[in-house]
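Peer 1: Take a look at this one; I'll ask things after.
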2 protein chains.
Amino acid sequence: MKPNRRVTVAGGAITPFIGKFHPDFIWKKHPDFGVKENPSLEQLLHRVALGACQDVGIDPAVVDRGYVGNFVGELFCHQGHLGAMAAAAHQGFLHTPFTRVEGACASGGLAIAAGVDAIQAGADVVLVTGVEVQTTYNAKDGADFLARAAHYSQERSIDPFTFPAMFARRTQAYCQKYGVAPAALAAIVAKAYSNANRNPNAHMRSVTLTEQQAAETSDNNPCFLDNESLNPWLRLSDCSQVSDGGCAVILCSDEGLQRLGQGADRAVEIHACAVSCGPLGQVPDYTRMDVTAAAASSAYSCTGWNAKDIQVAEVHDCFSISEALMCEALGFCNDGEGTQLAAEGATSLQGPIPVNTGGGLMGFGHPVGATGVKQVYELYRQMNGLCGDYQLATSPQRGVCANMGGDDRTSVVTLLEKN
Amino acid sequence: MKPNRRVTVAGGAITPFIGKFHPDFIWKKHPDFGVKENPSLEQLLHRVALGACQDVGIDPAVVDRGYVGNFVGELFCHQGHLGAMAAAAHQGFLHTPFTRVEGACASGGLAIAAGVDAIQAGADVVLVTGVEVQTTYNAKDGADFLARAAHYSQERSIDPFTFPAMFARRTQAYCQKYGVAPAALAAIVAKAYSNANRNPNAHMRSVTLTEQQAAETSDNNPCFLDNESLNPWLRLSDCSQVSDGGCAVILCSDEGLQRLGQGADRAVEIHACAVSCGPLGQVPDYTRMDVTAAAASSAYSCTGWNAKDIQVAEVHDCFSISEALMCEALGFCNDGEGTQLAAEGATSLQGPIPVNTGGGLMGFGHPVGATGVKQVYELYRQMNGLCGDYQLATSPQRGVCANMGGDDRTSVVTLLEKN
């Protein structure tokens, strides 16, 4: 629903998103292995919480409330209760209410939505953080942890890599319905890497990948699923990254903006933040994201906007097919045309509707709980001309974020505007 | 802060809280072992979600928003993303926003707080659920899971049973500061069991425990900690139960009350719902619950109430010392006098300030995410004369809930009134 009290994003902070193939990620073949360690969940959380306060020039004691978006800290880091962990970042947070919210990969978006609610409830300065560490276990264990975003007892068995298989299933259904070749998704992948190569915070900032490489199965780009019927429908390059990282934004009421030391002039308004859920374990149509479409419909209807008003988008490309389906759910094109947008360049940095300008989940990376917060912060940065080498030529004024959890079973669609 | 839009509890539902020593709990020596299974997390969640709708006579489609309080479904049940799992309870929930919130043992209280915010943000009928299943792993594994409520990397090593040890530490500090014998806590324990014996939904409904039994170490009531210095300060009977269970309430705005088929006449107002956090891993004084005291101060100050106005209380007796400390933090007595309240009968069903009338976490049980929701539902039931054998002689009009997470690092204090 449309906020009664105006809500703005006043500033924020982000860490680099790192993991395998990122030059700073410490692993057994890294020269600093055994000497340095990757940042912990707590370090990332504190860094962005304090960084966001610093960005808007406030003492942490000015914050009325805080939220933490996180999916599975309990598993990768043996740590829950992240609200109280956030509160430990600074003595100014003593007795400030912090709440962790979770909705699988939509945890960050739900944290934004909770922050918007907090302002409706009377808070004036709200800190919304998102954080995840996922590199502490190997890929197979990690895939098992992430399968908790699905209906575990019913869906875990589809493949050791449950979620890749679930989106291979969507790719198969989509390609068969519309007569599209899976290689049509390669343009989406290549755009993600190309954008990430311009983004110093991106997980894949140093990895180049051409459309042709993404379209072909190879030793470096295998079809890796055990599930034989789904195996041909997904390559490694179709997947988002297993990343560590954090992001935070400061949300303000108009009264809150007056408390800031800086940043009020950069404020970007949140016109709508709509959440929708569908039943876990039940997807009515693999070729559509019905839950994201419902959230988008709700967000558009309460602002009077439609897809034609959108000048930039952050969408949840957890897999290449997801970006196509999200573009359709958000109304950027008709059903079945989502792959053409990237192929035609419409979603590139130079196109009419740039999508995932910093590289998205495939290129920028996907520290799960951070993603939904990062999407909002990315639009804020594009609207303020802060994106450096991937800055759009004309800073956009209106944008949309779509952050999705599980197999499109929770979705958060946020509409932002800078006047 | 005090809600601008009036919020009421219109009704709810609860499952029995079950686990070891409950006659219906299926384990290897139960006659139905191998024939029947204990209810799953999903079953409990759906049961209370639908039960609460039924209790107020609404179709689930009438619900504007939903929340799920849960601590560690990812560990005990391999299941996260419980918002979307709740949405699967009924087709009427399709595209309804559901969010899971977590703050360790305060997860349920945070779900209530989120529901209050939702109504401030414009929702009229909000379903707040809390659920936990903890009996799927053995006690030592379970203790490791629950240690995620503490600062795991710094505090896990205190004892294999981390939380019992942390509260033994509080008992030790308290007893030494005030010259109290640990046996002084036995009156709190005996009251919990006595109340639970009157409560058909209580985990310990069939287990009797006298004050003398609670005061003495025995084969049935051992000091069980490995940590030698803390071992003497905690007996098994000082601990809350490892329970499975769920609870849900329907929160309404005044407009929402008009949508109900029944229950509006039973509505209990939430005058305040205050959340406070303290830094995880840092407790300034083991003899005080400073975070709960801060939340209580905030709640009292925005209503103009004080402790003398309270006629019934639900406090977070995760251990016997916790009830004493909570009574002090809520202002029912001075610091150091918390154990006397139970010893003198002040907190009994017949006393001036009945505390945990259904048995509390020690007697009623402690399915972690459900607890904070259950507290609110218990007060609603006492205020409406629905508590059967443990109903207070005069239905109370004003009450307080205090739901705490970790070592008092998140606390939610809620003030309720029925006119």
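The values are calculated or read from the model by the stated rules, or taken from the named source; none is laboratory data. Only a predicted model underlies this, so the values are computations on that prediction, with no experimental measurement involved. Here Cβ is always computed from backbone atoms with ideal geometry, including for glycine, and neighbour counts include all displayed protein chains. We work out accessible area using only protein heavy atoms, side chains counted, and drop any ligands, DNA or RNA first. Shrake-Rupley method; radii C 1.70, N 1.55, O 1.52, S 1.80 Å.
Peer 1: In a shell of Cβ-Cβ distance under 11 Å around B:PRO160, excluding B:PRO160 itself, what net charge do Lys and Arg (+1) and Asp and Glu (-1) give?
Peer 2: With Lys, Arg at +1 and Asp, Glu at -1, the net is -2.
Peer 1: Moving on to the next point. Can you tell which of B:THR135, B:THR210, B:THR347 shows the greatest fluctuation in a Gaussian network model of chain B with Cα springs below 10 Å?
Peer 2: Fluctuation is largest for B:THR210.
Peer 1: Which shape class applies to region B:271-417: rounded if a/c is under 1.5, otherwise prolate when a/b exceeds b/c and oblate if not, where a ≥ b ≥ c are the square roots of the Cα gyration tensor eigenvalues?
Peer 2: rounded
Peer 1: Under the definition of Cα pairs under 8 Å and six or more residues apart, what whole-number percent is the relative contact order of chain A?
Peer 2: Relative contact order of chain A: 26 percent.
Peer 1: Quick one: if you take sqrt(5λ) for each eigenvalue of the C-alpha gyration tensor of chain A, what semi-axes come out, biggest first, whole angstrom?
Peer 2: Working from the Cα gyration tensor, I get semi-axes of 31, 24, 20 Å.
Peer 1: So, one more: Which of the GluC sites (Glu not before Pro) across region A:315-387 are loop residues per DSSP, with 10 or fewer other Cβ within 10 Å?
Peer 2: In loop regions of region A:315-387 (DSSP not H, G, I, E or B), there are no sparsely surrounded GluC sites (Glu not before Pro).
Peer 1: I want the local charge near A:ASP124. Using Cβ-Cβ distances under 13 Å, sum +1 for each Lys or Arg and -1 for each Asp or Glu among the other residues. Provide the component values of the computation, followed by the final result.
Peer 2: On the way: positive: A:ARG5, A:ARG6, A:ARG65, A:ARG259; negative: A:ASP64, A:ASP254, A:GLU255.
Within the 13 Å Cβ shell, the charges total +1.
Peer 1: Sticking with this structure for a sec: Calculate the FRET efficiency for B:LYS177 and A:LYS29 from the Cβ-Cβ distance with a Förster distance of 60 Å, rounded to the nearest 0.05. Present the calculation step by step, with values, prior to reporting the outcome.
Peer 2: Working: r = 54 Å, r/R0 = 0.90.
Rounded to the nearest 0.05, the efficiency is 0.65.
Peer 1: What does the copy distance list look like for A:THR210, label position 7 Å along Cα→Cβ, in nm and ordered from shortest?
Peer 2: With the label placed 7 Å along Cα→Cβ, A:THR210 yields 8.7 nm.
Peer 1: Would you mind listing the distances between the A:TYR137 label point and the same position in each other copy? Use 7 Å along Cα-to-C-beta, nm, one decimal, shortest first.
Peer 2: The answer, with the shortest distance listed first, is 1.0 nm.
Peer 1: Still on this model: Can you classify region B:81-220 as rounded, prolate or oblate using the Cα gyration tensor, where a ≥ b ≥ c are the square roots of its eigenvalues, rounded means a/c under 1.5, and otherwise it's prolate if a/b beats b/c and oblate if not?
Peer 2: Values: a/c = 2.13, a/b = 1.76, b/c = 1.21.
Prolate, since a/c reaches 1.5 and a/b exceeds b/c.
Peer 1: Roughly how many Å² of B:MET404 are accessible to a 1.4 Å probe, to the nearest 10?
Peer 2: Looks like 0 Å² after rounding.
Peer 1: Let me ask something else. For the pairs A:LYS2/B:LYS374; B:LYS2/B:LYS308; B:LYS191/B:LYS374, note any where the Cα-Cα span goes beyond 22 Å.
Peer 2: A:LYS2/B:LYS374
Peer 1: Defining the label point at 7 Å along Cα→Cβ, can you sort the distances from A:ASP226 to the same site in each other copy, shortest first, in nm?
Peer 2: 3.3
Peer 1: Okay, next question. Residues of region B:141-169 with accessible area at least 30 Å² lower in the all-protein-chain context than alone (1.4 Å probe)?
Peer 2: B:ARG148, B:HIS151, B:TYR152
Peer 1: Would you work out if region A:141-198 is rounded, prolate or oblate? Take a ≥ b ≥ c from the square roots of the eigenvalues of the alpha-carbon gyration tensor; rounded if a/c is under 1.5, else prolate when a/b is larger than b/c, oblate otherwise.
Peer 2: On the way: a/c = 3.70, a/b = 1.40, b/c = 2.65.
In terms of gyration-tensor shape, oblate.
Peer 1: Excluding same-chain residues fewer than 8 positions from A:LYS36, which aspartates and glutamates have a Cα within less than 19 Å of its Cα?
Peer 2: A:ASP24, A:ASP244
Peer 1: In addition: Mind jotting down the distance between the C-alpha centroids of region A:230-291 and region B:1-62, whole Å?
Peer 2: 31 Å
Peer 1: Further question: For region B:182-263, which GluC sites (Glu not before Pro) are in a loop by DSSP, counting at most 14 other Cβ atoms within 10 Å?
Peer 2: B:GLU216, B:GLU228
Peer 1: How about region B:1-65: which chymotrypsin sites (Phe, Trp or Tyr not before Pro) there are in a DSSP loop, with at most 15 other Cβ atoms within 10 Å of their Cβ?
Peer 2: Passing both the DSSP loop test and the Cβ count: B:PHE21, B:TRP27.
Peer 1: Tell me, what is the per residue accessible area of region A:70-131 in Å², probe radius 1.4 Å?
Peer 2: Using a 1.4 Å probe on heavy atoms only, each residue of region A:70-131 averages 13 Å².
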